[in-house]
Amino acid sequence: MTDLGDFGDFAGDDDEDDAGDGGESGPARRAGADGGGDEAAVGDDFERVDVSPAGSDDGIGTVAVSAGLQIAEREEDTQLRAYVTTGNRPQVRIGKYLLVPYPDGEKLFCRITGLEYEQAFVSDDANEIHARRAMRRDGIDEADYKFMATLDPMSVIFRDNAASEAPRGGGDAAGGDGELKRRMVDRVPKPETVVRVASDTAEIKTGLKMPDDGVFLGHLSVGGEKVRTAAEPPTIDYRLKDDYGDGDPLLFRHTLVAGGTGSGKTHGAKNVLRQFLAEERTYPMEGGRESRPAVVMFDPQDEYAQMHDDNPAVADDDAFRRRLEREDVAYGGVEDTTAFVPKVGSATYSADHHRAEQVEFTIPFSMVRSRPWLVASAGLNDNQYPALKLLLSRFFDDYGNAGTYQQFRSFLDDPALKEELDESGRVHEATFDAIKRRTYGFGDVFDQSARAITDMVNEFVRPGGLSVVPTYHVTDSRQTTTVVLALASLLVDQKLSNDPRYERIKETPLVLGMDEAHNFLTDAEDVQARKVISKFTDAAKQGRKERLGLFLITQDPQDVADPVFKQVNTTVVLNLGDEDAISAVNIPRNLEDKVPYMEKGQMVVYSPDNSEPVEIVGLSKCLTKHGR
């Protein structure tokens, strides 16, 4: 007895017994009965038909309507999805750029924002049979599943042909003689339209509103991989607008580079600064003349004077240099680089990691006459600051611009002065004592044994030149802050002045670079911080008119004062691990989530007046010397 019950007694078909007796069975016997013999049997076989599809697949899939197809004014109401065919699924990634053509030749430029599998048939695959069958197979069978891509429509691109009065229906976006343009998304694609990967450089740049020319930053990427096209070179360069024909150059709309330690922040910043100093880069000034920009870089880690020297890795790589030349990227050391070294007390500066000229300077105390806040860094309050201004005014009236810091200290030691001001009610004796205490400690900063920076302005600001101010050798943070703010305010004041003392500063396009900007432009409650922030905010607001650009570098963007941050048009974000820092840079959420996972050299660029927010990858080699 078997488990098969009655079927265990099954003895086979009668035809089998007949066959065993030498008779014919099955089709052969039926054929014999018809008299057709072997020829008839062969003739009854089905004719084989070639079922291979004609032609070849084009694109990655088609627009789907199963879950709705809608373009709406409100982003949350838009529904646009594409079915991705089996062979294309391994290559599809979130962030990839796609094109959906319209019948009249215009194209919808999209970005993939979501990927999802859906069941093609109603079934339950969460069971033992499905799981064990899959565990015993080598591959994965996707035939029973739909692979759907959610698309974010970004723009409509079209040819603005001269013969057409309206932009719509102007012919194929990839062909024709008209200029390739973009507009907001205002039409829905047809169902089952073939969706293709964007692979034309001009279409991608137009779809993302990227300029063709300008300051080179890197190459467009998605998820850290460069976007490649069929053109030569296959990569797509990302540049910042640098032409007054398209508005003001973004150099003078200010840039902030934010990235953590080891993210490639300095490497990338050097490459951008090198483009600012390209020989052919000039800007129009008053009187119709053109001038190259001057760059002044405050350098707390002593890294930027290396820009004087060539990078051996670039010099020895002929293929890399040819690519740079083909893409019009400036490279090589900046010969006109000078390290202006502040003389502070007994601190000594010795650098064997660069060959730039080194020039010592000092901050003259006379600069405090118009900048009393320079000696208010110890935290004078609002009541004490007017008293400090009064005391400095009295001092310079007596001593003139030749007055030194040590003479000012002696001036404050005069008991008769203290008594006079107290009795007159102009400065209370307690306020006088507070000022005396809190202006102490600047003896190593002012009036040292070196040339005054005010006597070296023409050397400090040079068209086409890079002036680096290293402060690594200054160990006291208060002294470092005083030096940096004194020089920066000198440049800003002269730029904004209607009656400048130093015409060189006024008449030269200027890039003011500041590494570790969070240490100098931070929000605080003391008088000095408020004065500095107010000054730099005014400078940022008037930068376009005065040809002054701020280039700020920081690993703590959340500490940069908000009034200054709001004036920054271009934000370049590298890897950041701190949540507060990431939220402070104010980039779109879809890119914000990627920041902690970015590798060295990967960046997010958020520049509303230049392009849509994008990912880029910087150059693998620094264009000047970098590293000790």
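The values are calculated or read from the model by the stated rules, or taken from the named source; none is laboratory data. Because the structure is predicted, anything quoted here is derived from the model rather than measured. Positions of Cβ are backbone-derived with ideal geometry, glycine not excepted, and every protein chain shown enters the neighbour counts. Note: accessible area is taken over every heavy atom of the protein model, side chains too, but ligands, DNA and RNA are not part of it. Shrake-Rupley method; radii C 1.70, N 1.55, O 1.52, S 1.80 Å.
So here's what we get for this one:
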quantity: Charged-residue dipole, Cβ positions (Lys, Arg, Asp, Glu), segment 267-321 about Cα centre, Debye nearest 20; calculated: 300 debye
quantity: For segment 276-326: rounded, prolate or oblate by the Cα gyration tensor [a/c cutoff 1.5]; calculated: oblate
quantity: Three-way shape label, segment 448-540, alpha-carbon gyration tensor, a/c 1.5; calculated: oblate
quantity: Considering only the chain, percent of DSSP beta bridges that pair antiparallel, nearest 5; calculated: 60 percent
quantity: Count, lysine Cα pairs under 19 Å in segment 169-259, 8 or more residues apart or across chains; calculated: 7
quantity: Unit charges at the beta carbon, dipole of the chain: most positive-side option, A434, S534, G114; calculated: A434
quantity: √(5λ) per eigenvalue of the Cα gyration tensor, segment 86-138, largest first, Å; calculated: 35, 13, 10
quantity: Kirkwood Rh in Å, taken over segment 403-480 so that all alpha-carbon pairs contribute; calculated: 15.7 Å
quantity: Portion, in percent, of the accessible area of the chain that falls on carbon or sulfur, probe 1.4 Å; calculated: 44 percent
quantity: Neighbourhood net charge (10 Å Cβ-Cβ; Lys/Arg +1, Asp/Glu -1) for K535; calculated: +1
quantity: Accessible surface of D414 - all protein chains present, 1.4 Å probe, nearest 10 Å²; calculated: 70 Å²
quantity: Unsatisfied cross-links (Cα-Cα over 22 Å) in the set K343/K535; K506/K541; K265/K594; calculated: K343/K535
quantity: FRET efficiency, 1/(1 + (r/R0)^6) with R0 56 Å, evaluated for N383 and E118 via beta carbons; calculated: 0.20
quantity: Cα→Cβ-extended label distance, 7 Å offset, between E579 and R74, nm; calculated: 2.9 nm
quantity: Within the chain: Cβ-based charge dipole about Cα centre, in debye rounded to nearest 20 (Lys, Arg +1; Asp, Glu -1); calculated: 4700 debye
quantity: Cβ charges +1 (Lys, Arg) and -1 (Asp, Glu), total dipole of segment 184-283, debye; calculated: 420 debye
quantity: Approximate spin-label separation Q91-S346, in nm, with each point projected 7 Å along Cα-to-Cβ; calculated: 6.9 nm
quantity: Positive dipole terminus of the chain, leading residue within G262, G87, I140 (C-beta point charges); calculated: G262
quantity: Accessible surface ranking that places the most exposed of H130, H267, H219 first, with a 1.4 angstrom probe; calculated: H130, H267, H219
quantity: Accessible area per residue in Å² at 1.4 Å probe, computed on the chain; calculated: 50 Å²
quantity: Net lengthening on full extension, E357/K541 (0.36 nm per residue, minus Cα-Cα); calculated: 62.9 nm
quantity: For segment 330-370, with +1 on Lys and Arg beta carbons and -1 on Asp and Glu, the positive-most of F340, A351, S370 along the dipole; calculated: S370
quantity: Per-selection Kirkwood Rh - segment 506-620 (Cα, Å, 1 d.p.); calculated: 15.2 Å
